[in-house]
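The values are calculated or read from the model by the stated rules, or taken from the named source; none is laboratory data. Keep in mind the model is a prediction, meaning the values are calculated, not measured. Using ideal geometry, Cβ is built from the backbone for each residue, glycine included, and neighbour counts are taken over all protein chains shown.
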Amino acid sequence: MVFAAVLSLLAGSVILSAQTPAESDYADPATCAQCHPKIAATYARTGMARSFYRPATLPDLSPSPARYFHEPSGTWYSMEQRGGETWQRRWRIGPDGKEIDVAETRADYVMGSGNHVRTYLNKTARGTLVELPLAWYAEKGGFWAMNPGHDRPYALPPRTVAYECMFCHNAYPKVPAGHAEPGSEPVYAGALPEGIDCQRCHGPGAKHVQAAGKAGANAAEIRQAILNPARLTKDRQMEVCYQCHLETTSQALPHSIQRYGREPFSYNPAEPLGNFLLFFDHAPGSKYENDFEIAHSAYRLRKSKCFLDSKSAMTCTTCHDPHDVPHGDAALQHYNGVCQSCHGAAFRQRISAGKHTAEDNCVGCHMPKRRTMDVVHVVMTDHYIQRRPPAGDLLAPLAERHETPADQYRGAVVPYYPPATPARPENSLYAAVAQGRAARLAAEIAKQKPSRPEFYVELGLAWLAENRPREAVTALEEAVRREPRSPVAQLDLAEALTRAGQPARALDVLNRAVKSNPEDALLWYQLGLSLSNADRPDEAFPALQKAVSLDPLLAEAWSLQGTSLASHGQMENAETAFRAALRAEPDHAESLGNLAHLLSAAGDLPQAEYYFARAIRMKPDDAEVRVNYAVTLAGLNRPEEALQQAEAAVKADPKSPDAHNFLGTLLARGNQPDAALREFLAATSLRPDFGLAHLNAAAILASKGDTAAARTHLEQAARDADEKIRQRALRQLR
């Protein structure tokens, strides 16, 4: 598809109404090329025009398939094209050298022009977009590596493409009813547009196209029917660019908040950007102050003395023509010319005085290319214009940084843009939301009593984050009162009620929620989880089945379904469910441990050992998994490793009778009777009716000649619920 921007040279355009545009206000962007073919041809080659598209025959896949091994997670990937479609494949190698946990996913779209990176996306049956883990990067002539965040020693769960991502990488898609509120699942209806088109900068174009096609229309009428950003004030021109290029941070801090009540794709460049988005930043002096990230172009430019001293005269279009991007020598000459239009005389004087190199590459020195800190395989131009480039190797490889709750920024969150926020009372509410502290937000809500339910949802989440579920319940009940059908508010309320010790009320909320939102997979999963916790498995299972039918990538629902099947003796079906969970999320800890246990019970010890090892890698403090792992290692005749796992299980959970009992068993086999007896006695102390531990303790005591103590333990074992243990105890007593 060819895109074109309407001629910025057209004079006399007006600022249109700031009302949210309707779908009918937009034109097919291909029609722009009919009147503006030259701009259409040059714009089609820009990164914006090529920001989102269906994969065709890509040079990245020649030869096909392209293979990549991600060593930290021990995972293989490939990209290949067959039958006119592009597929990403993922697998691991099992202990027998064969492929296991194989998943193939069609790549329906590519996000990214390929100037820096291409990310492949799958569109699911229900209209969500899922990011595939492997990406292609342009640096060094092109190579394959993991998408940002995926370079870890384990595989991440599937990641859906948020509206925020699509907003800056594509034209406006359709959002079905019920999916526009903050926190809702991002769903895209119908065919998706391909690439950023003219109307992202010029506003809805249907009236302009109609005016141009009307018989006898004059130039003034045609101009007035479309927004020409060149006729806006300089600050407002910049806002057209800021809508996508003003991200302050990609870390956990909310860099921007969309005003509540606005649809995700309702921004019209005819309106002030602050009507749609409010931007926030870390407080001055934070450790992130000098970060350089992939979406930092405008953010870094706004730090520059050139920009600040220009008093708004300098804009993005001072250097960049959005309709055409020069390359090679033409780019060098163009950007040098822009710099020297302001600094030419001083530049020549400094050269003649020997104070400046004669090299004619302003950008290369004063805006050097650097490796971005959040997408570490990408090198971009730093738009912070500096007298001297930063010290060090700006292109040196970087390790991915993974912000955790422990090191997450806790300082002040400050309003960033608009710089002088209008005195609208609700802005202090948004600032409190951005800060994320419940007491502050509660005080603002009490003061202003906002009508929007989203503020109460945010308050409830803030209380939950501070582990105060009762206060969260109050806030979320108010949100549901204001918007009874909101799946976001209902789901959060159910969680708050559960954590507040009110599971029956949580079930009531969830039962109502699935009736009003029957296509919401997460609600069905939460209902199934709550029913399972309430020991109502027969009701839980259908809810979990519904969840995975709606979202086959919901690993938690598959895992819980497998647990339910196993508890009913349906081991084969349980294994199928656990493997489905691992196809969705290869390192889902519960599914790894449960599948390993099934395989061990079935006698497939090598496969069980493989999955146990991955399970404890994900949850090293899971004592139950470590005990089962120890049993499997013992069965493989690897006693030293089994002992290590049993000891680690006791350390992880000193109150686990099973861990103490099996550690005692291994110690006894290793001819350490005194140490073994201590573990058996610890097990029986923790669980007085633990028949097997009583049997084991009795055996040690009998070997020591303490028949009275042995008899006491055998009498305890003879009362065990397990018939086999009772019979063994009775035989020994006789």
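Exactly one residue out of 133, 157 is in contact with a His (Cβ under 9 Å, 6 or more places away or on another chain) and in a strand (DSSP E or B), and it is 133.
Does any residue of the range 595-605 turn out to be in contact (Cβ under 8 Å) with a residue 60 or more places away in the chain and not assigned by TED's automatic domain parsing to the domain that holds residue 689? Within the range 595-605, not a single residue is in contact (Cβ under 8 Å) with a residue 60 or more places away in the chain and not assigned by TED's automatic domain parsing to the domain that holds residue 689. Yes or no: the range 700-722 includes at least one residue that is within 47 Å of the chain's Cα centre (by Cα) and either under 28 Å from residue 92 (Cβ atoms) or buried (at least 16 other Cβ atoms within 10 Å of the Cβ) (or both). Among the residues of the range 700-722, not one is within 47 Å of the chain's Cα centre (by Cα) and either under 28 Å from residue 92 (Cβ atoms) or buried (at least 16 other Cβ atoms within 10 Å of the Cβ) (or both), which makes the answer no. Once the range 242-280 is narrowed to residues that are of a type in the set (A, V, I, L, M) and surrounded by 19 or more Cβ atoms within 10 Å (Cβ to Cβ), the residue that is farthest from residue 379 (Cα to Cα) is 270.
Remark: residue 562 matches the filter, which requires a residue to be assigned to a helix (DSSP H, G or I) and among the small types (Gly, Ala, Ser). Scanning the range 121-130 for residues that are assigned to a strand (DSSP E or B) and touching a Ser or Thr at 6+ places or on another chain (Cβ under 7 Å) turns up 122, 129, 130. Determine which member of the set 216, 183, 195 is at positive phi, buried (at least 19 other Cβ atoms within 10 Å of the Cβ) and of a type outside the set (S, T, N, Q). Just one listed residue meets the conditions, 195. Could we say that residue 701 is assigned to a helix (DSSP H, G or I), assigned by TED's automatic domain parsing to the domain that holds residue 642, modelled with pLDDT of 95 or more and under 24 Å from residue 640 (Cβ atoms) here? In short, no.
With respect to (1) outside any helix (DSSP H, G or I); (2) within 25 Å of the chain's Cα centre (by Cα); (3) over 27 Å from residue 304 (Cα atoms), the lone exception for residue 433 is condition (1).
Of the residues making up the range 270-322, those that are closer than 24 Å to residue 202 by Cβ, acidic (Asp, Glu) and part of a strand (DSSP E or B) number 1. Residues of the range 579-633 that are of a type in the set (Asp, Glu) and within 30 Å of the chain's Cα centre (by Cα): 585, 587, 590, 621, 622, 624. One residue alone among 358, 283 is under 30 Å from residue 403 (Cβ atoms) and either surrounded by fewer than 18 Cβ atoms within 10 Å (Cβ to Cβ) or in the same structural domain as residue 150 (by TED's automatic domain parsing) (or both), and that residue is 283. Only one of the listed residues (547, 577, 555, 540) is under 25 Å from residue 596 (Cα atoms), in contact (Cβ under 8 Å) with a residue 40 or more places away in the chain and small (Gly, Ala, Ser). That residue is 555. What's the number of the condition residue 608 fails, among (1) surrounded by 21 or more Cβ atoms within 10 Å (Cβ to Cβ); (2) farther than 28 Å from residue 538 by Cα; (3) touching an Asp or Glu at 6+ places or on another chain (Cβ under 8 Å)? Of (1) surrounded by 21 or more Cβ atoms within 10 Å (Cβ to Cβ); (2) farther than 28 Å from residue 538 by Cα; (3) touching an Asp or Glu at 6+ places or on another chain (Cβ under 8 Å), only one is false for residue 608: (3).
One line per residue, one yes/no per condition, for (1) in contact with a Lys or Arg (Cβ under 8 Å, 6 or more places away or on another chain); (2) of a type in the set (A, V, I, L, M); (3) modelled with pLDDT of 95 or more:
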| residue | (1), (2), (3) |
| --- | --- |
| 1 | no, yes, no |
| 10 | yes, yes, no |
| 16 | no, yes, no |
| 30 | no, yes, no |
| 55 | no, no, no |
| 58 | yes, yes, no |
| 69 | no, no, yes |
| 74 | yes, no, yes |
| 98 | no, no, yes |
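Being polar (S, T, N, Q) and under 26 Å from residue 287 (Cα atoms), is that true of even one residue in the range 416-425? Within the range 416-425, one or more residues are polar (S, T, N, Q) and under 26 Å from residue 287 (Cα atoms). Of the candidates 173, 157, 133, 153, the single residue that is within 18 Å of the chain's Cα centre (by Cα) and surrounded by 19 or more Cβ atoms within 10 Å (Cβ to Cβ) is 133. Among the residues of the range 567-618, those identified as on the phi < 0 side of the Ramachandran plot, part of a loop (DSSP other than H, G, I, E, B) and not acidic (Asp, Glu) are 568, 570, 586, 588, 602. Of all the residues in the range 633-647, those that are surrounded by fewer than 20 Cβ atoms within 10 Å (Cβ to Cβ) and among the hydrophobic types (A, V, I, L, M, F, W, C) number 1.
The residues of the range 704-734 that are among the aliphatic types (A, V, I, L, M) and either touching a residue at least 40 places away in the same chain (Cβ under 8 Å) or part of a helix (DSSP H, G or I) (or both), listed by number, are 708, 709, 710, 714, 717, 725, 729, 730, 733.
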